[in-house]
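The values are calculated or read from the model by the stated rules, or taken from the named source; none is laboratory data. None of these values were measured; they are calculated from a predicted model. Positions of Cβ are backbone-derived with ideal geometry, glycine not excepted, and every protein chain shown enters the neighbour counts. Just the protein is used for accessible areas: all its heavy atoms, side chains included, with ligands, DNA and RNA removed. Shrake-Rupley method; radii C 1.70, N 1.55, O 1.52, S 1.80 Å.
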Amino acid sequence: MEIVVAGHLCLDIIPNWQAGSLASIKPGAMIQVQGLKFSTGGAVSNTGIALKRLGFAPRLMACTGDDHLGSIVRSILRREGVNPDRIASVEGATTSYTIVLNPPGTDRAFIHYPGTNDTFAADAVDLRGLEPGVFHLGYPPLMRELYIAEGINLEAIFRRAKQGGWITSLDMALPDPHSEAGQAPWRRILARVLPQVDFFLPSLDEILFMLDQDTFYAVQSGSRSIDAELLDGLSGELLDMGAGAVGLKLGDQGLFLRTGAGIGGRLGEKWANRQLLSPIFQVDVQGTTGAGDTTIAGFLAGVALGMDPAEVVTLANGVGACCVETLSAIEGIPSLQEVQARIQRGWRRVLPTIPHPGWRAAQDGVLYGPMDQGEW
Ligand SMILES: Nc1ncnc2c1ncn2[C@@H]1O[C@H](COP(=O)(O)OP(=O)(O)OP(=O)(O)O)[C@@H](O)[C@H]1O
Ligand SMILES: [Mg+2]
């Protein structure tokens with residue numbers, strides 16, 4: 001059974017900036033730095049490498065240019081033991097990159113080129129000849145061909161995957177509200193794509209932005225707080241649009257999972273009509289870069305291994321917790337056996353603070369909602 005991770009891939013170029021500040025960038029100025037680090041980023045790199053570290057052999061499908069940056073991306077992936085052979089090299093194109101300006105003691109600034117992520121089209125995903133397993137795609141809001149024309153290309157990719165017998169999974173990203181992606185008709189795009197998606201796995205802020213901007217801005221400004229009722233409303237709407245299951249990533253509040261009746265027919269009845277909230281595992285947080293992508297790697301690993309929903313969200317949280325223990329997106333990800341052993345040893349959870357009246361805490365550390373129809 002294959003696992004494919006498709007979508008956004010870029011190269012981070014990070015000068016080691018030890019002295020001075022962003023204010024020292026002036027016409028004619030030269031800022032001396034201490035070296036340079038390259039690191040791959042995006043859903044394809046983070047979720048792909050995390051799956052590899054967990055013990056899987058994911059196939060990566062993305063685009064780079066046929067340039068030096070593309071070679072660096074491939075060499076980094078190879079060093080991680082991930083095969084980049086299915087990453088398309090687009091003639092004459094420049095690989096998507098981000099120059100990270102990270103002076104000491106202040107906030108970072110980025111110089112970003114979307115490049116080949118914007119031109120990634122439906123033909124970049126070729127599943128022919130692969131044994132259908134799990135297909136994941138990340139970050140359409142950062143990939144122009146996937147959100148223009150009401151997401152017609154995104155729908156085509158997912159339709160082909162689902163018809164080919166793949167279990168399909170989709171993650172989002174938060175677009176800049178003023179950009180073309182931020183202005184795209186996300187509700188209509190979702191209505192078109194979600195019937196082809198088994199697992200829709202955005203973060204809460206992303207889906208609020210797409211479905212309910214008043215609440216999105218109210219939550220951002222602190223005038224509205226989050227509770228289980230809000231999560232039920234959003235996930236119910238997404239299930240009605242056709243998603244098989246909805247996982248909402250909630251940062252330090254954990255991972256919410258709601259499934260519909262239909263997914264039971266695809267993955268077994270244990271998946272039908274579920275309502276779970278998996279609290280985070282207690283860790284010393286160093287940095288949350290890659291938390292979403294690596295949590296998804298844990299989630300997909302659990303699905304690929306045929307685990308129950310509660311085991312899947314637990315594993316997802318476990319992998320996400322390992323991620324936030326280090327500054328880098330992937331350095332903290334251990335083998336599947338190590339994550340499972342840590343969970344079995346009684347790794348402590350931190351209960352969510354959002355109100356969840358009527359939910360039941362169970363032995364396995366997962367919270368079960370009043371609408372949950374699992375056998376327990
Ligand atoms: N403070 C924390 N402690 C433990 N685990 C955490 C913490 N923060 C996040 N996680 C884990 O990471 C998961 C995903 O985090 P988050 O909800 O921030 O994803 P995201 O918004 O998609 O992140 P990203 O910024 O990477 O796109 C959480 O569900 C949880 O499992
Ligand atoms: Mg995310």
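Summarising the strand pairing of the stretch 102-258, around 30 percent of its internal DSSP beta bridges are antiparallel. Which of V285, V134, V73 ends up with the largest GNM mean-square fluctuation for the chain, with Cα atoms connected below 10 Å? Comparing V285, V134, V73 in a Gaussian network model of the chain, the most mobile one is V285. With θ taken as phi - 60° and the Karplus curve 6.51 cos²θ - 1.76 cosθ + 1.60 applied, the whole-hertz 3J(HN,Hα) list for the stretch 163-177 is 5, x, x, 7, 7, 9, 9, 9, 10, 10, 8, 8, x, 5, x Hz, x standing for glycine and proline. For the chain, the longest principal axis of the C-alpha atoms and the axis of helix 68-79 are separated by about 50°. Taken per residue, the accessible surface of the chain reaches 43 Å², heavy atoms only and a 1.4 Å probe. Taken along its three principal axes, the alpha carbon spread of the stretch 28-153 comes to 53, 38, 28 Å, from the longest extent down to the shortest.
Ligands, DNA and RNA left out, the accessible area of the stretch 46-183 computed with a 1.4 Å probe is 49% carbon and sulfur.
Each residue of the stretch 221-229 is assigned a 3J(HN,Hα), and the resulting list reads 7, x, 7, 9, 10, 8, 8, 5, 5 Hz, derived from the Karplus form 6.51 cos²θ - 1.76 cosθ + 1.60 (θ = phi - 60°), x at Gly and Pro. Each principal axis of the Cα cloud of the stretch 115-223 was evaluated for its coordinate range; sorted largest first, these ranges are 51, 27, 20 Å. With contacts taken as Cα pairs under 8 Å at a separation of at least 6 residues, the stretch 200-350 carries a relative contact order of 18 percent. Counting only DSSP beta bridges with both residues in the stretch 197-348, tell me the antiparallel percent, nearest 5. So the antiparallel bridges amount to about 75 percent of the total. Normalising by residue count, the stretch 252-342 has a Cα convex hull of 83 Å³ per residue. The relative contact order of the chain, computed from alpha carbon pairs under 8 Å that lie at least 6 residues apart in sequence, is 14 percent.
Counting only trypsin sites (Lys or Arg not before Pro) that sit in a DSSP loop (anything but H, G, I, E, B) with at most 12 other Cβ atoms within 10 Å, what is the longest stretch of the chain containing none of them? By the stated rule (loop sites, at most 12 other Cβ atoms within 10 Å), 129-344. Across all C-alpha atoms in the chain, the radius of gyration and Dmax reach 20.3, 69 Å. Determine, at each q value in 0.09, 0.15, 0.22 (inverse angstroms), the log₁₀ of I(q)/I(0) that the Debye formula gives when each Cα of the stretch 189-319 is one equal point scatterer. For the requested q values the scattering log ratios are -0.25, -0.70, -1.42. Expressed to the nearest 5 percent, the antiparallel share of DSSP beta bridges inside the chain is 50 percent. Karplus-derived 3J(HN,Hα) values for the stretch 84-89, using 6.51 cos²θ - 1.76 cosθ + 1.60 with θ = phi - 60°, are x, 4, 9, 8, 6, 10 Hz; glycine and proline are entered as x. What is the stretch 1-56's relative contact order, in percent, from Cα pairs under 8 angstrom and six or more apart in sequence? Value for the stretch 1-56: 46 percent. Under a Gaussian network description of the chain, with springs only between Cα atoms under 10 Å, the residue in E237, E150, E325 that fluctuates furthest is E237.
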